[in-house]
Structures are given as C-alpha cells and as structure tokens.
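The values are calculated or read from the model by the stated rules, or taken from the named source; none is laboratory data. Treat the numbers as computed from the prediction; the structure is a model and nothing was measured. Cβ placement follows ideal geometry from the backbone for every residue including glycine, while neighbour counts extend to all protein chains displayed. Heavy atoms of the whole protein, side chains included, go into the accessibility calculation; ligands, DNA and RNA do not. Shrake-Rupley method; radii C 1.70, N 1.55, O 1.52, S 1.80 Å.
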Amino acid sequence: MTTVTDAGQTAVDADRTAVFDAAVAADERIEPRDWMPDAYRATLVRQIAQHAHSEIIGMQPEANWITRAPSLRRKAILIAKVQDEAGHGLYLYSAAETLGTSREELLDKLHAGRQKYSSIFNYPTLTWADVGAIGWLVDGAAITNQVPICRCSYGPYARAMVRICKEESFHQRQGFELLLTLSRGTEAQHAMAQDAVNRWWWPSLMMFGPPDDESSHSAQSMAWKIKRHSNDELRQRFVDIAVPQAEALGLTLPDPDLKWNEERGQHDFGAIDWTEFWDVLKGNGPCNEQRITQRRTAHEDGAWVRDAAAAHAAKHTERTTARSAQNEQEATA
Ligand code: BYC
C-alpha cells in the first residue's frame with residue numbers, strides 16, 4: 001500500500017525526472033550538483049572510467065618504442081604524446097569523481113578486471129611504424145568517436161573532451177606525418193608502414209564498439225545525449241575519412257571489399273571479425289595479460305609516490321592551519 005510519504009516521494013521523483021528530461025531535451029548541461037537518475041549516473045561512471053582506463057593503458061604500446069625512437073626529434077614527440085595520454089586519464093578520472101566515485105575505487109576495479117579498457121590496446125606494437133599507425137588510425141578513430149562527446153549532456157565529461165580532442169588532433173597528425181615519411185622512404189620502410197596499417201586497420205574499426213543491433217547501451221545513451229551517434233554511424237564516418245588519407249599516404253587499406261558506393265555517398269567495407277572483438281573483450285587478445293600485469297605493477301611501484309604526496313599535503317594543511325590560528329591570535333591580542 002502506498003503511504004502518504006511514499007506518494008510524496010514519488011511526486012518529488014517525478015518532478016525531478018521532468019526537470020532532468022527537459023534539460024536534456026533543451027541541450028542544457030547536467031552538472032554534478034544537479035539531480036540525475038541513478039542509471040544515468042551509473043552509465044556515465046561506466047563509460048568515463050572505461051575511457052580513462054583506455055588512456056592510461058594506451059600509454060603502454062607506444063611507450064614501448066620511446067627508447068628505440070629513430071631520432072631525438074621523434075623521441076621528444078613520442079614522450080610528449082605518451083605524457084598527454086596520462087593527462088587525458090587524469091582529466092577523465094577527475095570527471096568521473098564528480099559523479100561520487102573515487103579514482104582509487106575505479107583503479108581497483110580496473111586491476112580486478114571489473115571495468116574494461118579499449119580493445120585496441122591489447123594488440124602489440126611490433127615495429128616503429130606501429131607508432132605511426134596508432135597515431136593515424138587509433139587516434140583518428142578516437143577523434144571521430146570523441147568530438148561528438150564534446151556535446152555530451154554531462155558538463156564535466158564534455159569539457160574534458162574539448163581539451164582531449166585538441167591534443168588528439170596533434171597526435172593524429174604526428175602519426176600521419178611519421179607514416180608519410182616511412183611510405184616515401186626506402187622500399188623496406190614503405191613495406192614496414194604498409195604492414196603496420198594492415199595490422200591496425202581492423203582493430204581500429206572495432207574501437208567503435210559492436211554493431212548497432214548488438215550494442216546494449218547505445219539507445220539509452222543516445223536518448224540521454226551521452227552518445228550523439230551510434231557505433232555504426234561513427235565507424236562509417238571514420239572509414240570515409242581514412243580512405244582518401246590512405247591514398248595521400250601511398251598506402252592501401254587491407255580490405256578487398258572497400259569501395260565507393262555512389263548511391264549511398266559512402267564507402268562500402270568488408271565484414272568485421274566480431275568473434276575476434278568479443279574474444280579480446282573476454283581477455284584473450286594477444287596482450288591482455290601483459291597490459292594488465294604491467295598496469296598493476298606500475299600501480300604498486302607508485303605507492304610510495306602517492307604516500308609521499310599525501311604526507312606532503314597533510315603537512316601543508318597542518319602548517320596552514322597553525323599559521324592562520326597564530327594570525328588570529330595576534331589579531332585579537
Ligand atoms: N573496447 O553497448 P556498447 C584513446 C563494450 S582511448 C572495449 O556499444 P557503449 C587513446 C562496452 O563497454 C579510446 N569494450 O557500449 C588513448 C559494453 O560493455 P559493458 C577510448 C568495448 O559504452 C591512448 C559492450 O562492449 N575511447 O583515445 O554504448 C592512445 C557493449 O557495447 C568496446 C573511449 O572510451 C571497445 N572498443 O559504446 C591513443 C570513448 N566497444 O561496459 C588513443 C568513449 C564496446 O556493458 N566511449 N565495448 O561491460 C565510448 O564512446 C563508448 O563507450 C564506446 C562503446 C563507443 C566505446
């Protein structure tokens with residue numbers, strides 16, 4: 001039986017839901033102190049955490065090449081890029097924290113395998129050309145996916161994405177330029193660039209997530225304006241952008257079915273191996289184990305830095321409190 005209190009609460013919830021729905025419909029931003037449905041909050045935490053984890057796990061495949069970069073210039077660029085990815089992780093963990101979770105909790109979930117990171121980072125970087133292919137294709141796919149998130153209905157996530165997308169554009173261009181240099185270099189360098197593109201093309205298409213009819217979250221996330229486009233729409237957009245860029249690079253994309261469809265005004269492309277995608281998500285990709293082990297080790301090795309930072313912050317607070325107490329005493333004396 002509904003009591004008066006329950007009925008009152010139900011009416012309050014209905015009012016709040018109406019305010020929330022109206023704000024989303026009017027393209028207004030939802031901010032941390034605004035009321036939001038629990039499921040909206042949970043969806044954001046899931047997506048932002050997965051995104052943040054991808055940024056920091058994504059440092060590993062490229063960092064693998066820092067010591068072997070072929071020139072000082074390339075090394076400096078690569079170090080800056082990997083450092084940018086760490087920064088992206090920090091913006092995103094901070095955005096997730098505004099939803100009432102903590103970075104510690106999210107990292108624990110990542111380390112325990114209870115939260116995901118992007119499938120793409122479970123593939124190995126076998127040659128220097130892979131650094132170029134990641135910049136061009138992986139960052140290129142990320143930009144295609146993430147530019148619409150700058151208009152996400154949740155304010156802190158949308159604002160974090162603006163800066164991230166600017167930096168990703170630089171990453172994409174450095175990858176393109178690296179591959180162009182290799183493609184126009186010796187025969188062996190050209191072959192190395194082609195081989196990297198052959199290996200990274202299909203996993204890059206998988207980054208956009210499963211096909212729309214298998215995407216469990218898309219419909220609700222699009223209704224909430226967290227996602228602005230479906231996985232397949234963004235994948236198609238990426239293919240259409242990449243084809244002329246591959247031509248400019250003098251490289252081919254490893255898909256015999258890739259061709260312009262005059263009627264659709266878009267490219268047709270071949271079937272994606274979704275069995276491979278789901279397998280990688282289950283932990284069976286070529287590098288899943290290596291990536292998560294390295295992440296856990298880095299976290300454990302960094303414990304002393306976190307402890308030292310916390311001790312420094314506590315000492316700082318203690319001194320500031322003592323100083324203001326002294327100032328107050330002097331003022332009243
Ligand atoms: N990998 O219903 P769906 C970067 C999961 S990093 C792993 O379509 P949703 C960069 C999905 O989580 C790029 N899992 O999901 C960094 C769900 O499982 P759960 C990272 C995937 O959320 C360093 C299930 O499959 N970017 O830029 O509506 C260097 C069903 O999927 C993947 C982002 O994270 C995947 N690829 O859509 C260079 C962007 N795809 O959670 C570059 C933000 C799907 O129910 N994220 N799953 O267990 C998004 O836009 C969306 O979360 C996705 C998936 C499009 C990825």
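The alpha carbon centroids of the range 117-195 and the range 27-58 are separated by 23 Å. Helices in the chain that qualify as membrane-span-like (whole DSSP H runs, Cα extent of at least 24 Å along the helix axis, mean Kyte-Doolittle hydropathy of -0.5 or higher) are 4-25, 38-57, 72-97, 155-183, 231-249.
Would any residue of the range 23-38 have its amide N under 16 Å from a label point 7 Å out along Cα→Cβ of Ala112? List them or say none. From the range 23-38, the list is empty. When +1 charges are put on Lys and Arg Cβ atoms and -1 charges on Asp and Glu Cβ atoms, the dipole computed for the range 31-276 relative to its Cα centre reaches about 860 debye. Working from the Cα coordinates of the range 161-252, the gyration tensor eigenvalues give, after taking √(5λ), semi-axes of 31, 16, 10 Å in decreasing order.
For the chain, the relative contact order comes to 17 percent (Cα pairs under 8 Å, sequence separation of at least 6).
Toward the positive end of the charge dipole of the chain, with +1 on the Cβ of Lys and Arg and -1 on the Cβ of Asp and Glu, the farthest Cα among Met36, Ala310, Leu179 is that of Ala310.
Ligands, DNA and RNA are left out, and with a 1.4 angstrom probe the accessible area of the range 170-210 is 43 Å² per residue. Quick check on the range 31-276: take the gyration tensor over C-alpha atoms, sort the square-rooted eigenvalues as a ≥ b ≥ c, and tell me if it's rounded (a/c under 1.5), prolate or oblate. It comes out oblate by the Cα gyration axes. Based on the Stokes-Einstein relation at 25 °C and a viscosity of 0.890 mPa s, and on the Kirkwood radius from alpha carbon pairs, the range 15-81 is assigned a translational diffusion coefficient of 160 µm²/s. Taking the accessible area of the chain, probe 1.4 Å, and keeping the other protein chains in place, the carbon and sulfur fraction comes to 55%. Using a cut-off of 24 Å between Cα atoms, the listed pairs Lys166/Lys282; Lys166/Lys225; Lys75/Lys166 include Lys166/Lys282 as exceeding that distance.
Since only Thr252, Gly265, Ser230 are under comparison, the one whose Cα sits farthest along the positive direction of the charge dipole of the range 215-265, derived from C-beta charges on Lys, Arg, Asp and Glu, is Ser230.
Rolling a 1.4 Å probe over the protein chains gives Glu177 an accessible area of about 70 Å².
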